[in-house]
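The values are calculated or read from the model by the stated rules, or taken from the named source; none is laboratory data. As the structure is a prediction and not an experimental result, all values here were calculated from the model. No Cβ is skipped: glycine too gets one built from the backbone with ideal geometry, and neighbour counts run over all protein chains shown.
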Amino acid sequence: MKYETVVGLEIHAELSTKTKIYCSCENSFGGSENTRCCPVCIGLPGTLPTLNKKVVEYGIKAGLAMNCEIAEYSKQDRKNYFYPDLPKAYQISQFDFPLCEHGFVIIDTENGQKKIGITRIHIEEDAGKFTHDPYRNLSRVDYNRGGVPLIEIVSEPDIRSSAEANAFLEAVRSILKCIGVSDCKMQEGSLRCDVNVSVRPEGQKEFGVRSECKNVNSFSGAVRAIDYERARQIEILESGAEVEQETRRWDDMAGKSFLLRSKEEAHDYRYFPEPDLMPMEISRGWVEEIRESLPELPHEKKARFMAEYGLPEYDSGLISVSDGFSKLLDDTVGCGAAPKEASNWILGEISKEINERCITSDDVPFGGQALAELIALINKGTISGSIAKQIVPDMFESDKSPEEIVKAKGLLQISDEGEIAKIIKEVFEANPKAIEDYKGGKTNVRGFLTGQVMRATKGKANPAVINKQLEIELGKL
Amino acid sequence: MSITKKEVEHLANLARLTLSDDEKARLTREMSNIIDFAQKLDETDYDSVKPTMHANAKTNVFREDEIKPSFKASEILQNAPQQDEGCFVVPRTVE
């Protein structure tokens, strides 16, 4: 039987506000343990939380960027459970009146664009962080992360494959980064997700019984967890048994999920309105003010790159999801470069360099002016394309302009016909076998000879001039 | 009784409380009384009344996003029953 996968995601994103959600302790990653804490965020009795206005603003901003309706009335609630990373024994979250509801995000799939519904976005506080000591059978808790503001983005079960889940996660990440509410650094845990998966026979209307996978810490982990769950559930159904509704823990190293809680043991959070915090009445004026402040969103950028720059959809898509790349493209084109040439360099050598250096597209140390200058140097014939590729690493290393690097390294292109003709003759003398072959009718040795000339000039010879002179010199044989 | 002994046991378990049989019986009675009292509302027509979400009528109490100094780690850990490497120590917990 053929099965369809149904996936819903819950994404937690840490907001990049200066302070925590309910106290004025600094909100930043790392630092010595328990040095960014106060009586409020370690949950001492008698303390009073006060809501950070920026958290509400960022929540609304995320909601607007994902096409949500912003609540006129919203409140915070206590979610009660005992766990040592939660010092108050409850998490302040939102239950029945979330900040944002009924939105959607557009993703690109194999079969074109698809709308993924956003059920809700609410604000809440993060918990502390454990380190486990396997030798002494104890755990240590650092509450620096306790009280860091989060938004939880809950999707509708509109996702039908792990590939779509990945596309959705990428889309959400690019939006959150673009609007500047979260740095979305997976390695620092700024973006985490829970994955809800069920399967049903193709054509069946009702959803199957779902499992929820926690501890998914990367997009590729989400893909693996979904594929694993799909296979596990299909195996159960094929054996004639029924899938149980349960919470599972994803272990990425093992590539498996493990049972955490069955339906009977499911948490009973006993939500109730948080008495220490007043409800919010969000004025439409404030919402419109925030809407006005929204930057151009990734899908809008993509459409503009295609329409205004004439770039292919593929290039536009890849560049638009990165703020750093989008700005570099706009600036490079603004400095007079052809958009497609700029795009080729960004997605080619610059991307390669970023990967090798393990940095992100926001960390490119040079701007559009430098890239436009590099492209102009090639087009003017000052340097060859292969020399330009050699210069890119130098552009990451120093703040010299491409032209200065070319001069300092003596990489100017050799376009002098006489000089190149001389080098060609030397190459002929050094490769008598190739010349014999050529005379014998093997014209494809031309490529080899061109390569030898390039090698002799360390890549500095102008390919067009080599071509022309090689034609002349071969004709003389 | 609108509350059963089983429900009291469930709530006690969620609240990590150990109750004696006497306490369970007393709480079953008291909690039933509370629920019965609240059910008086069913006798009235409250369709047109908005639910009260909060005892206080104030809304929009916000704080500006400005950093203030945190406490020293030594002060934060002052009441920790056990501490190690600048952290609170708890029984090994892996979920």
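Determine if segment A:267-276 includes at least one residue that is among the hydrophobic types (A, V, I, L, M, F, W, C) and either surrounded by 15 or more Cβ atoms within 10 Å (Cβ to Cβ) or at pLDDT below 90 (or both). Outline the logic, then answer.
Start the filter on segment A:267-276 by keeping residues that are among the hydrophobic types (A, V, I, L, M, F, W, C), which leaves A:272.
Checking which are either surrounded by 15 or more Cβ atoms within 10 Å (Cβ to Cβ) or at pLDDT below 90 (or both) leaves us with none.
There is no residue in segment A:267-276 that is among the hydrophobic types (A, V, I, L, M, F, W, C) and either surrounded by 15 or more Cβ atoms within 10 Å (Cβ to Cβ) or at pLDDT below 90 (or both).
Taking residue A:131 and the conditions (1) in contact with an Asp or Glu (Cβ under 7 Å, 6 or more places away or on another chain); (2) within 14 Å of chain B (Cβ to nearest Cβ); (3) among the polar types (S, T, N, Q), which numbered condition does it fall short on, given that it satisfies the others?
(1)
Residue by residue, here is whether (1) loosely packed, with under 14 Cβ neighbours inside 10 Å; (2) within 14 Å of chain A (Cβ to nearest Cβ); (3) within 27 Å of the chain's Cα centre (by Cα) holds:
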residue	(1), (2), (3)
B:26	yes, no, yes
B:36	yes, no, yes
B:45	yes, no, no
B:54	no, yes, yes
B:69	yes, yes, no
B:88	no, yes, yes
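Being of a type in the set (Ser, Thr, Tyr) and farther than 27 Å from residue A:212 by Cβ is the filter; apply it to segment A:1-21 and report the residue that is farthest from the other protein chains (Cβ to nearest Cβ). Talk me through it step by step, then tell me what you get.
Just the residues of segment A:1-21 that are of a type in the set (Ser, Thr, Tyr), to begin with: A:3, A:5, A:16-17, A:19.
Among the residues that remain, those that are also farther than 27 Å from residue A:212 by Cβ are: A:16-17, A:19.
Values: A:16: 11, A:17: 5, A:19: 5 Å.
Among them, the one singled out is A:16.
Need at least 2 residues that are under 26 Å from residue A:300 (Cα atoms), without any contact (Cβ under 8 Å) to a residue 40 or more places away in the chain and out of contact with any helix residue (DSSP H, G or I) (no Cβ under 7 Å at 6 or more places or on another chain) per element, so show me which strands (runs of 3 or more DSSP E) inside segment A:1-119 make the cut, counting only ones lying wholly within it.
Numbers: elements: A:3-14, A:77-80, A:90-93, A:100-109.
Answer list for segment A:1-119: A:100-109.
Starting from residues that are under 23 Å from residue A:61 (Cβ atoms) and buried (at least 24 other Cβ atoms within 10 Å of the Cβ), keep the ones in segment A:24-39 and report whichever is nearest to the other protein chains (Cβ to nearest Cβ).
Start the filter on segment A:24-39 by keeping residues that are under 23 Å from residue A:61 (Cβ atoms), which leaves A:24-29.
If we keep only those that are buried (at least 24 other Cβ atoms within 10 Å of the Cβ) as well, we get A:25, A:27.
Values: A:25: 5, A:27: 8 Å.
Among residues in segment A:24-39 that are under 23 Å from residue A:61 (Cβ atoms) and buried (at least 24 other Cβ atoms within 10 Å of the Cβ), the one nearest to the other protein chains (Cβ to nearest Cβ) is A:25.
From the list B:3, B:76, which one is surrounded by 13 or more Cβ atoms within 10 Å (Cβ to Cβ) and either more than 14 Å from chain A (Cβ to nearest Cβ) or in contact with an Asp or Glu (Cβ under 7 Å, 6 or more places away or on another chain) (or both)?
Numbers: B:76 fails: either more than 14 Å from chain A (Cβ to nearest Cβ) or in contact with an Asp or Glu (Cβ under 7 Å, 6 or more places away or on another chain) (or both).
B:3 is the lone residue from the list that is surrounded by 13 or more Cβ atoms within 10 Å (Cβ to Cβ) and either more than 14 Å from chain A (Cβ to nearest Cβ) or in contact with an Asp or Glu (Cβ under 7 Å, 6 or more places away or on another chain) (or both).
Does segment B:9-17 include one or more residues that are touching a helix residue (DSSP H, G or I) at 6+ places or on another chain (Cβ under 9 Å), within 7 Å of chain A (Cβ to nearest Cβ) and of a type in the set (Gly, Ala, Ser)? I'd like the intermediate steps shown before the answer.
Step one: list which residues in segment B:9-17 are touching a helix residue (DSSP H, G or I) at 6+ places or on another chain (Cβ under 9 Å), which gives B:9, B:11-12, B:17.
From what's left, within 7 Å of chain A (Cβ to nearest Cβ): none.
Within segment B:9-17 (the criterion being touching a helix residue (DSSP H, G or I) at 6+ places or on another chain (Cβ under 9 Å), within 7 Å of chain A (Cβ to nearest Cβ) and of a type in the set (Gly, Ala, Ser)), the answer is no, since none of the residues qualifies.
Among the residues of segment A:311-367, write down those that are within 29 Å of residue A:168 (Cβ to Cβ) and assigned to a loop (DSSP other than H, G, I, E, B).
A:311, A:312, A:321, A:322, A:358, A:359, A:360, A:364
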